[in-house]
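A quick write-up on the structure given underneath.
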Amino acid sequence: MSVRNKNKAGELRVKSKTENLSEIRDFVSTYALAAGMPAASIDNIILAVDEACTNIIKHAYKLSPQGEIIIKIDYDEEKFTVTIIDYGKSFEADRVPQPDLQKYYREHRVGGLGMYLMKSLMDDVEYISIPGEYNQVLLSKNIRSG
Amino acid sequence: MAEFSTSIKENGDIRIINLKGYLDAHTAPTLENNFTELINSNNFKIIVNFEDLAYISSAGLGVFMAYIENIRDNKGDIKLTNMSDKVFNIFDLLGFPLLYEIYKKEEEAIKKFSGS
């Protein structure tokens, strides 16, 4: 994979399979390194993108392996932004409550943690969902923040 | 593809699962199988050693939540040890230290199982 430093942007298209998560993480890692982000920020971005893509695979495409996931990266000196697009079932981010781990424990719930992690690890998380067309999640982190 | 593997060793009636590599939504079923096998063979005192674990996502953390109640109902526990700061931070962010015993070293968890 070559990083195009000139326009500081890149794109990866993969099918909605969990086996592609490692390729997605490597793709994000390459660009975050090129952007000069601190190591801790790179780890946080990689995990946030993994969580977003895992949610897409499990919930938008319901584990069907033929869905498409598009991951776009853009960065400048101030901000590193990852845009993730899918064409699966639309998702109402506002309806996902902040998890209460004690409650999850009692109710044997294991999902829902990913969204909380994404919001905790990134500086900004935005969802756009156009039912029947596409869903987009935009994850961004300031280059100099921790 | 992400590399992940586990190995299990015995220490008296304690079973120790060593994790290695990348634990994500793709590799979590390997660890789920370990827990299922241990529970089916009535092994409820379980230590998970994270020393060689490079990465964990919420799908990996979910595995511990899925089995803990069954294990504690059988007078056992899952104790977690040898986490890197990076991995511990994710557990901490999600409040796991309130629900799980996390030790710096495997020996501490063995002592805790043996002593009490």
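The values are calculated or read from the model by the stated rules, or taken from the named source; none is laboratory data. Being a predicted model, the structure only gives us computed values, none of them experimental. As a convention, Cβ positions derive from the backbone with ideal geometry for all residues, glycine included, and neighbour counts pool all protein chains shown. With ligands, DNA and RNA removed, areas are computed over all heavy atoms of the protein, side chains included. Shrake-Rupley method; radii C 1.70, N 1.55, O 1.52, S 1.80 Å.
For the range B:86-102, 3J(HN,Hα) computed residue by residue from phi via the Karplus equation (6.51, -1.76, 1.60; θ = phi - 60°) reads 4, 6, 4, 4, 6, 4, 5, 4, 9, x, 4, x, 6, 10, 10, 7, 10 Hz, glycine and proline entered as x. What does the charge count near B:TYR55 come to, summing +1 for each Lys or Arg and -1 for each Asp or Glu among other residues with Cβ under 9 Å from its Cβ? Neighbour charge sum, excluding B:TYR55 itself: -1.
Nearest 5 is fine: what % of DSSP beta bridges in the protein assembly as shown come out antiparallel, could you say?
Working: 37 of 54 bridges.
So the antiparallel bridges amount to about 70 percent of the total.
So for each of B:20-31, A:63-74 I average, over its residues, the number of other beta carbons within 10 Å; can you give me the resulting order with the highest mean first?
Working: B:20-31: 20.8, A:63-74: 16.2.
Result, highest mean first: B:20-31, A:63-74.
Within a Cβ distance under 12 Å of A:SER64, other residues only, what is the Lys/Arg minus Asp/Glu net charge? Kindly include the intermediate steps, with their values, before the conclusion.
Working: positive: A:LYS15, A:LYS17, A:LYS58, A:LYS62, A:LYS89; negative: A:GLU68, A:ASP86.
That works out to +3.
Mean sequence separation of contacting Cα pairs (under 8 Å, at least six apart), scaled by the length of the range B:18-116, corresponds to a relative contact order of 30 percent. Just add up the charged neighbours of A:TYR134: K/R +1, D/E -1, any other residue whose Cβ is under 12 Å from the Cβ of A:TYR134. Counting the neighbours of A:TYR134, the net charge comes to -2. Label-to-label distance, B:LYS9 versus B:ASN70, with points set 7 angstrom from Cα along the beta-carbon direction: 2.6 nm. Accessible area ranking (1.4 Å probe, heavy atoms, ligands and nucleic acids excluded), largest first, for A:ARG144, A:ARG25: A:ARG144, A:ARG25. In this simple spin-label approximation, A:ASN142 and A:ILE130 carry label points 7 Å from Cα along the Cα→Cβ vector, and these lie 3.2 nm apart.
Residue ranges B:3-14, B:100-111 sort as B:100-111, B:3-14 when ordered by packing (mean number of other C-beta atoms within 10 Å per residue, highest first).
Within 10 Å of the Cβ of each residue in B:56-65, the mean number of Cβ atoms contributed by other protein chains is 6.
What the phi angles of the range A:62-70 give under the Karplus curve with 6.51, -1.76 and 1.60, with θ = phi - 60°, is a coupling list of 6, 6, 6, x, 9, x, 9, 10, 10 Hz, glycine and proline written as x. The amide H of B:GLU101, built 1.01 Å from its N in the peptide plane, has B:LEU80 as neighbours under 5 Å, considering only residues 5 or more places off or on other chains.
Whole-Hz Karplus values for the range B:74-82 come out as 9, 6, x, 7, 10, 10, 10, 9, 6 Hz, taken residue by residue from phi with 6.51 cos²θ - 1.76 cosθ + 1.60 and θ = phi - 60°; glycine and proline positions read x. Once backbone amide H atoms are built at 1.01 Å from N, B:PHE4 has B:TYR22 as its partners under 5 Å, excluding neighbours fewer than 5 places away on the same chain.
For B:LYS45, the aspartates and glutamates whose Cα falls under 12 Å of its own Cα, not counting residues fewer than eight places away in the same chain, are B:GLU10, B:ASP13, B:ASP73, B:ASP77. By the Kirkwood approach, averaging reciprocal distances over each pair of separate Cα atoms, the protein assembly as shown gets a hydrodynamic radius of 19.3 Å.
Mind checking A:38-44 for the average number of partner chain beta-carbons within 10 Å of each residue's beta-carbon?
Numbers: counts 0, 1, 3, 0, 0, 4, 4.
Counting other chains' Cβ atoms within 10 Å and averaging over A:38-44 gives 2.
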